Amino acid sequence: VIVPEGTYKITDTIYVPQAIRLIGFGKTRPKFILADHAPGYNREYPGDKGNAKYMIWFTHKLPEPGEKEQDFDANPGTFYSALSNIDIEIGRGNSNAIALRTHYAQHSFISHCFIDVGDAKAGIFDVGNVMEDVHIRGGQYGIITTKCSPGWPFVMIDTSFKGQKKAAIKSREAGLTIIRTKVSDTPKFLTVDDDYWEKLYLEDSILENISDAAIEISCENNVFSQYNIRN
């Protein structure tokens, strides 16, 4: 789906089923904006895996009314999903909003976009496959993620995070390969959920003005916990 340059106001979740890619086109990037005080974006959803409401949700298929999310959420068989060359902004009064939910599998990616989270919850929930040239500002977190849907690692290249209130990334068992990221003005770069291991490979990166522990490790005695940091 080619999205022409312009500004698009969103007031509810857009579901994107498998093998659909949203690609921005034009002299300037198109921007998706979540309206201020959009309905349902300022309350919690305890029955939802991310306990949030999403602007764009990459799914395996379009959900049916009343269908449970585990039956339509992206999974190990969700290939070719993507968003590229589109900027995203979350308006005021959407405290429990997340811009993207991306639990897809192979040949899928987020690339060339700026995500302004503002005072909302996070930029991305549940990473998958590849992320490149993505820059996230604000929010409680930049990324909140659980294990990738196929159980494979995740690769993130040429990204930045700035101004998150709690941490740039909050994760559990995702398997994070991160190359050339810059993180600034946040308490923590990575915090791992209690009682979960994590595998991190971090290279050629800058962590600047971190006010707490840059990396908060959980299950440090678990054989699956692996933290490798170079340059």
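The values are calculated or read from the model by the stated rules, or taken from the named source; none is laboratory data. All figures in this text were calculated on a predicted structure; none of them were measured in a lab. Here the Cβ positions follow ideal geometry from the backbone for every residue, glycine too, while neighbour counts run over all protein chains shown. The protein model used for the area step is the full one, side chains on, heavy atoms only, and it has no ligands, DNA or RNA in it. Shrake-Rupley method; radii C 1.70, N 1.55, O 1.52, S 1.80 Å.
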Next item on the list: For the range 1-101, give the percent of accessible area contributed by carbon and sulfur heavy atoms, probe 1.4 Å, rounded to a whole number.
Entry: 54
Notebook entry, point to check: Per residue, how much accessible area does the chain have with a 1.4 Å probe, in Å²?
Noted result: 46
Check: With charges only on Cβ, +1 for K and R and -1 for D and E, what is the dipole size of the chain about its Cα centre, in debye, rounded to 20?
Finding: 440
Next item on the list: Please give the FRET efficiency for Ile14 paired with Arg92, using the beta carbon to beta carbon distance and R0 = 35 Å, rounded to the nearest 0.05.
Entry: 0.95
Next item on the list: Specify which residue in the list Pro153, Tyr8, Asn209 is farthest towards the positive end of the charge dipole of the chain, using unit charges on the beta carbon of Lys, Arg (+1) and Asp, Glu (-1), about the Cα centre.
Entry: Tyr8
Next item on the list: List the relative contact order of the chain as a percent without decimals, with contacts defined as Cα pairs under 8 Å and 6+ residues apart.
Entry: 13
Next item on the list: With all protein chains present, calculate the accessible area of Glu64 using a 1.4 Å probe and round the result to the nearest 10 Å².
Entry: 110
Item checked: Relative contact order computed over the range 1-65 (Cα-Cα under 8 Å; 6+ residues apart), in percent -> 43
Next item on the list: Return the carbon/sulfur percentage of the accessible area of the range 177-225, one whole number, probe 1.4 Å, all protein chains in place.
Entry: 46
Item checked: Stretchable slack from Asp133 to Asp204, in nm (0.36 nm times residue separation minus alpha-carbon distance) -> 24.1 nm
Notebook entry, point to check: If Tyr104, Tyr45 are ordered by their accessible area, calculated over protein heavy atoms with a 1.4 Å probe, which sequence runs from highest to lowest?
Noted result: Tyr45, Tyr104
Item checked: Over 21 Å (Cα to Cα) - which of Lys31/Lys182; Lys121/Lys188; Lys121/Lys166; Lys61/Lys170 fall in this group -> Lys31/Lys182; Lys61/Lys170
Notebook entry, point to check: Is the shape of the chain rounded, prolate or oblate, going by the alpha carbon gyration tensor and its root eigenvalues a ≥ b ≥ c, with a/c under 1.5 for rounded and a/b larger than b/c for prolate?
Noted result: rounded
